[in-house]
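**Q** Sharing a structure with you now.
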Amino acid sequence: MSPFALLLAPSLVSALLALVVRPYRRVVGWANGVLSLLAFSAAIHLWARVLAGDTPVAGDLLRADALSALLALCVSGVAALAAWLGPGVGADDGYDRGQARTFRIFANLFAFTMLFAVTTDNVGFMWVAIEATTITSAVLIPLHASRASVEASWKYILIGSVGIALAFAGTVIAYFDFVAMAGRDHLSLNWTVLRDAAPALDPQVMQLAFVFILIGYGTKAGLAPMHTWLPDAHSEAPAALSAMMSGVLLAVALYAVVRWQAVAQVTIGRGLAEGFVAMLGLLSLAIGALSLWSQRNYKRLLAYSSIEHTGLVCVGLALGPLGVFAAMLHLLNHSVAKSMMFLLAGRVLHRYRTAEISGVSGLLRVMPWTGGLFAAGMLAVIGLPPFGMFVSEFALVRAGFAAGRPVVIGLVLALLAIGFVGVIAHLNRMLYGPVPAGVSVGEGSRWALVPLAGCAAVLMVLGLTVPAPIETLLVRIAEIVAP
Amino acid sequence: METVFARLVVLESSLALLFGLGMLWRRGVPAYISAFRWQSLVLAAVAATVAHFGRDRELYLVAALLVVVKGVAIPWLLRGTERRFASERELAPYVNTATSLVVASLLVLFAYAIMRPVVAASHLPTRTGLPLAMGLVLVSLFVVTSRKKALTQVVGFLMLENGIALLAILGAYGVPFIVELGVFLDALMGFLVMQIFVYRIHETFDTIDVDQLDRLRH
């Protein structure tokens, strides 16, 4: 069977299973978990094929190069985490059967749209898939209907849809550029065709197209100043969905930016394309880092940290091949760290019944393992060794100096330091102190900690070394994006 | 022949833009819905015109889809929702009518400025309509950001999509049909989900005034 079928089919089958089994039964959740592992192994298979120098294709529609393989790995991995730890698997997770069924249907469709977006060669379908991610995920945000969650999902669906519509306008303008040069052809929206034609395209038209695309997909990626929906949506969504949205949806939107950057910089020149990306990146980094200080809600704290890291990835994308290497390593680290953190935050919320930082104290005594992992994850997120983000941020700084941009790097380091101090103060308050009245002591479902501890272990390995298979993959990506 | 084609297309595109501008001085959701319906029908006419003069059969299909989905189905669904919330009128948008019109005209001028390289690069007889399409995109964007009622924002978003569809038809005689189908499907699903949320907002807040949505302001 083609690796693409194995990658894409499991999420569709799981969604269908949840749709037909009424009322919802927990066996659907387990089947979903097993199927999600199948998709994950297909992603590993793609990764191995790419490392062997192969570029798997299926017709004109699907194609997986190194960049696709990395994203497929992240998306299917986080989708598997969400499938095992989401509503409808454990006994008492605070969701009823109807909610579990809704979650299983839409979370799987959400995973499918993301996997399709990163493996299709057609930038038109990539757009269709990313637009569909908004629809499939917005439905799940008010799983526990409340004023705040309805408001968050409205903001998300409106700002997300408008943003993504602008990305389509950009796609259409780039398509004009191609059609004006080469005439109409049913393959003219294929990324490979566009990339090969890029040197001959009209730079002024492509410049306009790229600005639209950057603003459009940037809105989905949570880049400032279009980020206003993100803290609301990520903090109000159920934990497993937040993990998918923060861990990989942002990465998928960035993937679309990277694909277009690879085409645009050939047409309009490296300097200009990188300038646009770096500007939005620095602004997001600044807004993310400064906002960390004033947060009173730990899920919003994590959401603003996502904005900070998306900004950082964009800065890396603007720093040449070494920068792309660092940015993609950072994206991988962020996927692992943020999905783990949002799932842990879900456990904390379930126990303390509040998302306010002031309402959580003595976490290390109440749930020693959850608390320990939460602390480790937070330290990883702010870039301390021995965790992966330290390595990718270090690589980014080196890339910056190599590219001759000391001022940019100075700014980045200052902003990271600001974010660092902001988070540490909040973290201390949550970990230590007295246990609030009415909060029971002891871990809940222990087995759920195993995959989360696995994430922490991955972060630690990535903090000590970049294993050869990952390094080769990232080098290949750098060759694609910044040849 | 070419000039008839070009003039017809510019006339139709101007009409589409005018229906978009109508959102700025009219009050009341029924007026918005009928503006959207007429705009969609004009858009279908553009597609049919281009299909006829440009000899592109697929665009007839696009025109038919536009009539069925955006000319009939979506306005019909919108009317149903509107009747439920009959008392909800767009009385006080964030930006008043006079200012809105000034902003809109500036946006159309801006559209002409940014589309100059695109018009220069294109060889199609339809290219003169492109700035009007971009004008519609920008004006719709302004409508979405400056109005308070959830339902008005939905109509603004639908007009934004019409603007982009117009852009695609004029600039390249439409994107490949199979992609077009995907875009249509997304537009319809997106609209239906937005519609569900309008109901949910009403259920939870007793109004569809998004000004009341301020729980998450930080």
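The values are calculated or read from the model by the stated rules, or taken from the named source; none is laboratory data. Owing to the predicted nature of the structure, the values given are computational and were not obtained by experimental measurement. We place every Cβ from the backbone using ideal geometry, glycine too, and count neighbours over all the protein chains shown. The protein model used for the area step is the full one, side chains on, heavy atoms only, and it has no ligands, DNA or RNA in it. Shrake-Rupley method; radii C 1.70, N 1.55, O 1.52, S 1.80 Å.
**Q** Test of understanding: among A:W191, A:W260, which residue is surrounded by 24 or more Cβ atoms within 10 Å (Cβ to Cβ), under 24 Å from the mean Cα position of the chain (by Cα) and in contact (Cβ under 8 Å) with a residue 12 or more places away in the chain?
**A** A:W260
**Q** Open to solvent by 40 Å² or more (accessible area, probe 1.4 Å) and farther than 16 Å from A:A117 by Cα: does that describe A:A52?
**A** yes
**Q** Does B:V108 satisfy the condition of being farther than 28 Å from B:Q212 by Cβ and open to solvent by less than 30 Å² (accessible area, probe 1.4 Å)?
**A** So B:V108 fits the description; yes.
**Q** Let me confirm something: among A:M328, A:M341, A:M279, which residue is without any contact (Cβ under 8 Å) to a residue 40 or more places away in the chain and in a helix (DSSP H, G or I)?
**A** So the residue among A:M328, A:M341, A:M279 that is without any contact (Cβ under 8 Å) to a residue 40 or more places away in the chain and in a helix (DSSP H, G or I) is A:M279.
**Q** From A:P406, A:P434, A:P469, which residue is out of contact with any Cys (no Cβ under 8 Å at 6 or more places or on another chain), open to solvent by 50 Å² or more (accessible area, probe 1.4 Å) and closer than 30 Å to A:D93 by Cα?
**A** Checking each option against the conditions leaves just A:P434.
**Q** Would you point out the residue of region A:102-121, among those that are β-branched (V, I, T) and under 16 Å from the mean Cα position of the chain (by Cα), that is nearest to the other protein chains (Cβ to nearest Cβ)?
**A** A:T113
**Q** If you don't mind, there's one more thing I want to ask. On the basis of being assigned by TED's automatic domain parsing to the domain that holds A:L349, open to solvent by less than 50 Å² (accessible area, probe 1.4 Å) and within 30 Å of A:P87 (Cα to Cα), does A:A482 make the cut?
**A** Answer is no for this residue.
**Q** Check off (1) within 23 Å of B:V46 (Cα to Cα); (2) crowded, with 18+ Cβ neighbours inside 10 Å for B:H123 and give me the number that stays unchecked.
**A** The failed condition is (2).
**Q** Return the residues of region B:151-173 that are touching an Asp or Glu at 6+ places or on another chain (Cβ under 8 Å) and either among the polar types (S, T, N, Q) or under 24 Å from A:W229 (Cβ atoms) (or both); say none if nothing qualifies.
**A** Scanning region B:151-173 gives B:L151, B:T152.
**Q** Out of region A:370-400, which residues are within 19 Å of A:G288 (Cα to Cα) and of a type in the set (S, T, Y)?
**A** A:S392, the sole residue that qualifies.
**Q** Taking into account only those residues within region A:319-365 that are open to solvent by 10 Å² or more (accessible area, probe 1.4 Å) and hydroxyl-bearing (S, T, Y), which is nearest to A:A251 (Cα to Cα)?
**A** A:T354
**Q** Does any residue of region B:27-48 turn out to be out of contact with any strand residue (DSSP E or B) (no Cβ under 9 Å at 6 or more places or on another chain), without any contact (Cβ under 8 Å) to a residue 24 or more places away in the chain and among the charged types (D, E, K, R)?
**A** no
**Q** Sticking with this structure for a sec: Does region A:429-445 contain at least one residue that is assigned to a helix (DSSP H, G or I), hydroxyl-bearing (S, T, Y) and out of contact with any Lys or Arg (no Cβ under 6 Å at 6 or more places or on another chain)?
**A** Looking for residues that are assigned to a helix (DSSP H, G or I), hydroxyl-bearing (S, T, Y) and out of contact with any Lys or Arg (no Cβ under 6 Å at 6 or more places or on another chain), one finds none in region A:429-445, hence no.
**Q** Does B:L141 satisfy being over 16 Å from B:K70 (Cβ atoms), assigned to a helix (DSSP H, G or I), away from every other protein chain (no Cβ under 12 Å) and aliphatic (A, V, I, L, M)?
**A** Against the criterion (over 16 Å from B:K70 (Cβ atoms), assigned to a helix (DSSP H, G or I), away from every other protein chain (no Cβ under 12 Å) and aliphatic (A, V, I, L, M)), B:L141 does not qualify.
**Q** Kindly indicate the residue of region B:164-218 that is assigned to a helix (DSSP H, G or I) and acidic (D, E) and also farthest from the other protein chains (Cβ to nearest Cβ) among those meeting that condition.
**A** B:D211
**Q** OK, next. On the given criteria, is B:P117 surrounded by fewer than 21 Cβ atoms within 10 Å (Cβ to Cβ), more than 17 Å from the chain's Cα centre (by Cα) and within 11 Å of another protein chain (Cβ to nearest Cβ)?
**A** yes
**Q** Sticking with this structure for a sec: Of the numbered conditions (1) buried (at least 24 other Cβ atoms within 10 Å of the Cβ); (2) without any contact (Cβ under 8 Å) to a residue 60 or more places away in the chain; (3) not β-branched (V, I, T), A:D96 satisfies every one except a single condition; which is it?
**A** Among (1) buried (at least 24 other Cβ atoms within 10 Å of the Cβ); (2) without any contact (Cβ under 8 Å) to a residue 60 or more places away in the chain; (3) not β-branched (V, I, T), the lone unmet condition for A:D96 is (1).
**Q** Within region A:36-48, is there a residue that is open to solvent by less than 40 Å² (accessible area, probe 1.4 Å), at pLDDT 95 or above and within 30 Å of A:Y352 (Cβ to Cβ)?
**A** yes
**Q** In addition: If a residue must be more than 9 Å from chain B (Cβ to nearest Cβ), touching a helix residue (DSSP H, G or I) at 6+ places or on another chain (Cβ under 7 Å) and not in a helix (DSSP H, G or I), how many such residues does region A:122-145 contain?
**A** So the count comes out to 1.
**Q** Taking into account only those residues within region A:150-199 that are at the interface with chain B (Cβ under 10 Å from one of its Cβ atoms) and of a type in the set (K, R), which is farthest from A:L62 (Cα to Cα)?
**A** It comes out as A:K155.
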